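What follows is a single structure, written as structure tokens, with notes after it.
The values are calculated or read from the model by the stated rules, or taken from the named source; none is laboratory data. These numbers were taken from a predicted model, which means no experiment stands behind them. So basically every Cβ, Gly included, is an ideal-geometry build from the backbone, and we count neighbours across all protein chains shown.
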Amino acid sequence: MDTIEVKDTMPKQGLMTGSQAVVQSIIAEGVNLMFGYPGGAIMPVYDALYDVEQELTHVLARHEQGAVHAAQGYARATGKVGVCIATSGPGATNLITGIADAQIDSTPLVCITGQVASHLLGTDAFQETDVVGISMPVTKWNFQVTRAEEIPMAIAKAFYIARSGKPGPVLVDITKDAQFEEVDFNYVPFTGMRSYRPKPKLDLDSVKAAANLINSAKRPFILFGQGIILSKAEKEFKSFIEKTGIPSAWTILGLSALESDHYLNVGMLGMHGNYAPNKLTNECDVLIAIGMRFDDRITGDLSRYAKQAKVVHIEIDPSEVSKNVHANIPVIADAKEALLELSKIVDEKTHPDWLQKFRDLEMEEYELVIGNELYPSTEKLTMGEVINEINIQSDHNNIIVTDVGQHQMMSCRYFKFQQTKSMITSGGLGTMGFCLPAAIGAKMGQPNKQVIAVIGDGGFQMTLQELGTMFQYGVDVKIVVLNNEFLGMVRQWQEMFFEKRYASTTMVNPDFQRIVSGYGIATKKVVKREELADAIKEMLNHKGAYFLEAIVGKENNVFPMVPTGASVSEIRLK
Amino acid sequence: MKKERYTISVFTEDIVGMLNRVTIIFTRRKINIDSIAASESEIANIHRYTLVISEAEDMVKKVVLQLEKQVEVVKAVYHKDSEVVYQEIALYKVPTEVLLSGGEAEKIVRAHHARVLSVEPAFTVIEKTGHKEETQALFNQLEPYGMLEFVRSGRVAITKPMKTLKSIVEELEKVQY
């Protein structure tokens, strides 16, 4: 469990309204920034926020979905709990996409919603919706407060649950009468409950069994996921792989846990991942999965996935172990704890021949895919070359935030990372529209980092209202729209699997330059290759927000690809 | 894998909405719940849900882990029929005249060791506890005489091989975080 951050400014105590208790509870949890959108049933809390502007900044989004994605971006960039707040009814339902996204990507969030007065519950009152019922399948925990005295405990519990164990989103729904009611406030941080023990006790026998298997392996292979980042185990992970010499590949949520140029980093797993790690998954003899959950985009056809290998699975959530891939040796533990113990008893080794196999396949991929993407001979720009130019020019004190689709896969494949938590993307849910608000949240959480939002022309238009939030708060996000005038990933599938029948994937776009200019943001559009380097230089050096639109080839595809239903070893280079 | 009948026992904190949290785990995987019963347990403030489903064991195992993952679920376990002692209760409403005529219906009730709970001029309510097959057998025999109403409860089950809930809760309460 994370240590509870205690702020210098202690929360107030004594008699106050429920809404003041909400605000004081949030302050007591060490929060100084939250995102939201007001409305009728949450007005008392907003009124209480008005008095604490110095301690707790509220960022007014332009849509509740923007608020929740911003809270996610904040959480992913800082490792802290993201907080967002909305009113009842449509305010609450607009949060659901972000909550579902946070649930599947294990992002700690506390969402607070207003609710109609308790005597109106169940009457179809104005802006009443059963948000507790609606959010139940997509929250780690939720609770409805109908009395002010329940508030401190509910919020303390919410933060505890959101950040502990495998993190996730929680929702506290507070009726309007509870916000008005008086309560004798005394905040006590929550320390645990018998039905929820988030940190499994490390079983040293399983660690020994894992070590024995790893020590005997000839072709060991590590898959690492976000668990490394969530348990702050980056250092321990690196020592472990360096001691054992095991080639390591990442899931897109694990990206940036290990620097891109580390000699044991062999690249990206999954459908659009690298050639070598996908191919060699079916050649390793011991597969060591750490803090990842064998998503179907990683495994392809399960019946032909790593069948030759013995599997060690280090994972904090018991329900993820042997869910998709049978674990011969499950180690149910926090990744950091497990890696610390494991590192003590594994043999120091190198696997030069085995590692070379990865490098050889990487060369094949370079010749057929990577080279063409990064240094194309096509007339039109490619997504990869735009990304590569940013790599070349930036100092890597960056956070890259992406949306969902081709540009996302390209970003994961081609951006280079030096620092942990420097890649934020919607992995599990694949939420288009995630990027712009998440980037705003990331920048507000890490103001000293350069935050670059890479978005497609489709996803950009899903939440571009958040340009208003950027404008109002002067948020310095560099937006790079890779515009191919298509919903590119769907179009690619139509090309490959639906006989090029481009049903509703053509985008007739507005003049983004004029729209973004309207928000007072500097803009530039790049069409020609010779303009690219200068434009990126200008963007990176620009003080304040910047919008760079790159017109890229309309019908370019992301390769390699493991088609749906295929085995990882059937990964296609073209 | 072969589908079999399993009894799942879920022990939870006693809070509003818990039943919903439990059942959506099944709904999401399109698993039909054959029966469900909710009641108190031997420990104050801990409720138990007894669910019966027909599924492959591999799936049942995964579902139970998902149930245990819920923050307010104290413990979830699954058992085959042979590992539990279980009962269901059924009530049958039949026309009283059928029983008064002194014919077959009375013999059926006796043969099934059912009991009469209430006799009204128009109808009689009969009760039978047992396994589903037993309560169904009585239903099948009484039906030709005119079944006015029928209801069967969900299964309640006591598990044979299990640590006591008390010892599980005590262990959980000892854990530091």
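Things worth noting here:
- Filter result (crowded, with 22+ Cβ neighbours inside 10 Å, of a type outside the set (A, V, I, L, M) and within 13 Å of chain B (Cβ to nearest Cβ)) within the range A:295-336: A:GLU315, A:GLU320, A:ASP334
- There is no residue in the range B:159-167 that is within 17 Å of B:ILE8 (Cβ to Cβ) and at pLDDT 95 or above.
- Checking each residue in the range A:242-266 for being more than 21 Å from A:GLY79 (Cα to Cα) and crowded, with 24+ Cβ neighbours inside 10 Å picks out A:THR244, A:ILE246, A:PRO247, A:SER248, A:ALA249, A:VAL266.
- Filtering A:ASN398, A:ASN388, A:ASN483 for residues that are more than 20 Å from A:SER260 (Cβ to Cβ) and of a type in the set (S, T, N, Q) leaves a single hit, A:ASN483.
- In the condition set (1) more than 9 Å from chain B (Cβ to nearest Cβ); (2) within 26 Å of B:ILE168 (Cβ to Cβ); (3) modelled with pLDDT of 95 or more, A:PRO200 is compliant with all but (3).
- Test: residue in the range A:15-31 that is over 19 Å from A:PHE159 (Cα atoms), in a strand (DSSP E or B) and not aliphatic (A, V, I, L, M): yes
- Against the test of being farther than 20 Å from A:ILE345 by Cα, polar (S, T, N, Q), more than 14 Å from every other protein chain (Cβ to nearest Cβ) and touching a strand residue (DSSP E or B) at 6+ places or on another chain (Cβ under 6 Å), the options A:SER248, A:SER256, A:SER260, A:SER195 yield a single qualifying residue, A:SER256.
- Residue check for A:LYS478: within 18 Å of A:ILE400 (Cβ to Cβ), of a type in the set (Lys, Arg) and in a helix (DSSP H, G or I): no
- Matching residues in the range A:120-135 - criterion: being more than 14 Å from every other protein chain (Cβ to nearest Cβ), among the charged types (D, E, K, R) and free of Cβ contacts under 8 Å to residues at least 12 places away in the same chain: A:ASP124
- Checked against the criterion of being closer than 13 Å to A:SER343 by Cα, in contact (Cβ under 8 Å) with a residue 12 or more places away in the chain and surrounded by 14 or more Cβ atoms within 10 Å (Cβ to Cβ), the range A:215-231 has at least one qualifying residue.
- Scanning the range A:449-467 for residues that are out of contact with any strand residue (DSSP E or B) (no Cβ under 7 Å at 6 or more places or on another chain) and surrounded by fewer than 24 Cβ atoms within 10 Å (Cβ to Cβ) yields A:GLN461, A:MET462, A:LEU464, A:GLN465.
- Residues that are in contact with a Leu (Cβ under 7 Å, 6 or more places away or on another chain) and charged (D, E, K, R), drawn from the range B:7-59: B:GLU42
- Filtering the range A:140-170 to residues that are charged (D, E, K, R) and either over 24 Å from the mean Cα position of the chain (by Cα) or facing chain B (nearest Cβ under 10 Å) (or both) leaves A:LYS140, A:ARG147, A:GLU149, A:GLU150, A:LYS157, A:LYS166.
- From the list A:LYS238, A:LYS243, A:LYS232, the one residue that fits, being assigned to a loop (DSSP other than H, G, I, E, B) and of a type in the set (Lys, Arg), is A:LYS232.
- Among the residues of the range B:41-77, those that are farther than 26 Å from B:SER167 by Cβ and either small (Gly, Ala, Ser) or within 12 Å of chain A (Cβ to nearest Cβ) (or both) comprise B:SER54, B:ALA56, B:ASP58, B:MET59.
- Residue match in the range A:398-410 (condition: within 24 Å of the chain's Cα centre (by Cα), within 30 Å of A:THR469 (Cβ to Cβ), of a type in the set (Asp, Glu) and surrounded by fewer than 21 Cβ atoms within 10 Å (Cβ to Cβ)): no
- Entry remark, the range B:3-40: residues being more than 14 Å from every other protein chain (Cβ to nearest Cβ), in a loop (DSSP other than H, G, I, E, B) and not polar (S, T, N, Q) number 3 in total.
- Check on A:VAL59, β-branched (Val, Ile, Thr) and assigned to a loop (DSSP other than H, G, I, E, B): no
- Qualifying position, being within 26 Å of A:GLY270 (Cα to Cα), touching a strand residue (DSSP E or B) at 6+ places or on another chain (Cβ under 6 Å) and surrounded by 12 or more Cβ atoms within 10 Å (Cβ to Cβ), among A:MET561, A:MET539, A:MET496: A:MET561
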